[in-house]
Amino acid sequence: MTTLRIDLVSDVVCPWCYLGARRLMQALEHTRVNYELHWQPFQLNPDMDDAGQDLQEHLSAKYGSTVRQSAEIRGRLTGLGEAVGAAFNFYPQMRIYNTRQAHELLAWAAEQGGQTELAMALFAAYFEQEKALNEPQVLLDAAAQAGLDVTEAAQVLASGRYQAKVEEQSQFWPQQGINGVPAFIFQNKYLVSGAQEVDSLIQVLEQLREEIA
């Protein structure tokens with residue numbers, strides 16, 4: 001049976017990416033298809049300094065979101081997340097971060113066979129556990145939770161040997177016209193944008209299963 005390739009372009013501080021990933025996982029559970037999932041980097045804040053920024057300040061400055069608008073969106077996300085096992089926990093002191101090092105670990109994890117496990121651990125650390133993704137220990141704890149070698153993960157972070165690869169990949173996707181995430185690319189040719197409903201993803205997967213059979 002042919003394997004379906006899925007590329008998920010996302011950032012681990014993007015709540016819609018977490019929701020979209022959870023929905024994809026649920027859709028895959030309902031569809032009998034062999035697949036390979038590849039997480040592709042998209043840095044929402046590549047120029048942000050290591051200290052990060054207060055989340056509400058960031059949303060106001062970047063998108064013009066008011067406190068009320070942000071609260072409404074967070075409430076909506078919380079409700080949507082509950083349906084697919086994403087327990088969003090938006091708290092007053094929440095900050096947003098530059099995610100370059102998280103993506104470097106994800107690039108390494110792809111070679112270790114634990115990329116999806118690491119991505120989901122990073123999402124959970126940030127959105128559910130009030131963890132700061134600018135702290136190396138938080139990244140290493142996520143690697144441990146994903147079953148990866150923590151000593152090697154620490155070497156990856158210290159060496160920066162995946163930095164060039166992440167930068168190259170991060171520039172590639174916007175050049176392909178992807179300026180918002182999540183974005184799903186199936187078989188290197190079919191693009192589905194946004195955190196689609198589970199039923200919509202199931203429909204896509206079933207159509208592709210017939211195509212590649």
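The values are calculated or read from the model by the stated rules, or taken from the named source; none is laboratory data. These numbers come from a predicted model, not from an experiment. Here Cβ is always computed from backbone atoms with ideal geometry, including for glycine, and neighbour counts include all displayed protein chains. All accessible areas refer to the heavy atoms of the entire protein, side chains included, with ligands and DNA or RNA removed. Shrake-Rupley method; radii C 1.70, N 1.55, O 1.52, S 1.80 Å.
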Tell me which aspartates and glutamates have Cα within less than 12 Å of Lys165's Cα, excluding those fewer than 8 residues away on the same chain?
Glu104
Summed residue charge, Cβ within 13 Å of Phe88's Cβ, Lys/Arg positive, Asp/Glu negative:
0
So the pair-distance distribution of the chain, from every Cα-Cα distance in 10 Å bins, comes to percents of 8, 34, 38, 18, 2, 0
Can you run phi through the Karplus equation (6.51, -1.76, 1.60; θ = phi - 60°) for the range 30-47 and list ³J(HN,Hα) in whole Hz, with x for Gly and Pro?
9, 10, 7, 9, 6, 9, 10, 9, 10, 8, 10, x, 9, 8, 5, 9, x, 9
Give me the dipole magnitude in Debye, nearest 20, for the range 1-108 about the Cα centre, with unit charges on the beta carbon: positive for Lys and Arg, negative for Asp and Glu.
400 debye
Out of Tyr126, Tyr190, Tyr162, any idea which swings most in a Gaussian network model of the chain, alpha carbons joined below 10 Å?
Tyr190
Which trypsin sites (Lys or Arg not before Pro) in the range 9-85 pass both tests, a DSSP loop state and at most 14 other beta-carbon atoms within 10 Å?
Arg32
Helix-only mean residue ellipticity at 222 nm, the chain, DSSP H runs n ≥ 4 weighted -39,500 (n - 2.57), per residue, nearest 500. What is it?
-17000 deg cm²/dmol
When the Kirkwood hydrodynamic radius is evaluated over all pairs of different C-alpha atoms of the range 94-180, what value in angstrom, to one decimal, is obtained?
13.2 Å
Antiparallel DSSP beta bridges within the range 1-118, percent to nearest 5:
20 percent
Express the accessible area of the range 19-135 per residue in Å², computed with a 1.4 Å probe while the remaining protein chains stay in the model.
48 Å²
I'd like to know which of Val192, Ile202, Gln129 lies farthest towards the positive end of the charge dipole of the range 128-213, counting +1 on Cβ of Lys and Arg and -1 on Cβ of Asp and Glu.
Val192
Within the accessible area of the range 64-193 (1.4 Å probe), percent carbon and sulfur
47 percent
Using 0.36 nm per residue, how much length does the chain from Asp50 to His38 gain when fully extended, once their Cα-Cα distance is taken away?
1.7 nm
If you place +1 on the Cβ of every Lys and Arg and -1 on the Cβ of every Asp and Glu, how big does the dipole about the Cα centre of the chain come out, in debye to the nearest 20?
380 debye
Probe 1.4 Å, heavy atoms of protein chains only: per residue, the accessible area of the range 158-204 in Å² is 59 Å²
Looking only at aspartates and glutamates whose Cα falls under 16 Å of Lys131's and that sit 8 or more positions away or on another chain, we get Asp11, Asp50, Asp54, Asp141
From the residues Gln56, Phe90, Leu80, which one has its Cα farthest along the dipole of the chain in the positive direction, the dipole being from +1 and -1 charges on Cβ of Lys/Arg and Asp/Glu about the Cα centre?
Leu80
Would you kindly state how much longer the chain becomes between Glu111 and Lys189 on full extension, computed as 0.36 nm times their sequence separation minus their alpha carbon distance, in nm to one decimal?
25.7 nm
For Glu210 and Glu168, what does the FRET efficiency come to when R0 = 45 Å and r is the distance between their Cβ atoms, rounded to the nearest 0.05?
0.85
